[in-house]
Amino acid sequence: MNMITINENLCKGCNLCTEFCKRKVYEQPEKMDSKGVRVPVPVNEEECTKCGLCTLMCPDQAITVDEKIKAEDSTESEDSTEAKDKTEAKDRVESKDKTKADENLKMDEKDES
Ligand code: SF4
Ligand code: SF4
């Protein structure tokens, strides 16, 4: 049973999931599908730590990482890697948000002057 599922009807082939997954789980195929989209393929599912970063980054909510399979498969050492990856994923999203907030603040300050 596949742990990672990409909804081909939603995926636009932006490749963000492939770029952001540091475990190199995804690969972009050379060939496009019938709609001209290169839907990434989770070729290294066994490397996935279920950090959730790909699902957070996907602008089309096309990715599902099966949490149930995760619980069954997890070993102790994988759990600690997963926790670390989750923290890093959260930090990256938060730092992205902070950058946006800083930019907004700068723009507000500019507007006021
Ligand atoms: S959940 Fe994390 S490790 Fe798994 S494919 Fe997505 S980004 Fe990669
Ligand atoms: S991030 Fe989402 S839309 Fe972009 S290639 Fe990956 S699955 Fe497709």
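In the neighborhood of Lys35, defined by Cβ-to-Cβ distances under 11 Å, what is the net charge if each Lys or Arg adds +1 and each Asp or Glu adds -1? Please list the in-between numbers first.
Details: positive: Lys12, Arg38; negative: Glu8, Asp33.
Local charge sum for Lys35: 0.
Quick check: pseudo-label points 7 Å beyond the Cα along Cα→Cβ at Glu103 and Asp66, how many nm apart are they?
My value for the distance between the label points is 3.8 nm.
Just to check I understand the Karplus step: with θ = phi - 60° and J = 6.51 cos²θ - 1.76 cosθ + 1.60, what whole-Hz values come out for region 14-19, glycine and proline as x?
Along region 14-19, the couplings run 5, 6, 4, 4, 5, 5 Hz.
Packing-wise, with mean Cβ within 10 Å as the measure, how do 26-37, 5-16 rank, highest first? Can you show the working numbers first?
Numbers: 26-37: 11.3, 5-16: 15.4.
Result, highest mean Cβ count within 10 Å first: 5-16, 26-37.
So if each residue of separation counts as 0.36 nm, and I subtract the Cα-Cα distance between Thr55 and Asp33, what length gain in nm does that give?
Working: separation 22, 0.36 × 22 = 7.92 nm, distance 2.14 nm.
Net length gain for the segment: 5.8 nm.
Since every read-out is calculated from the coordinates, none of them should be taken as a lab result. Values in this document were obtained by computation on a predicted structure and should not be read as measured data. Note: ideal-geometry Cβ built from the backbone for every residue, glycine included; neighbour counts use all protein chains shown.
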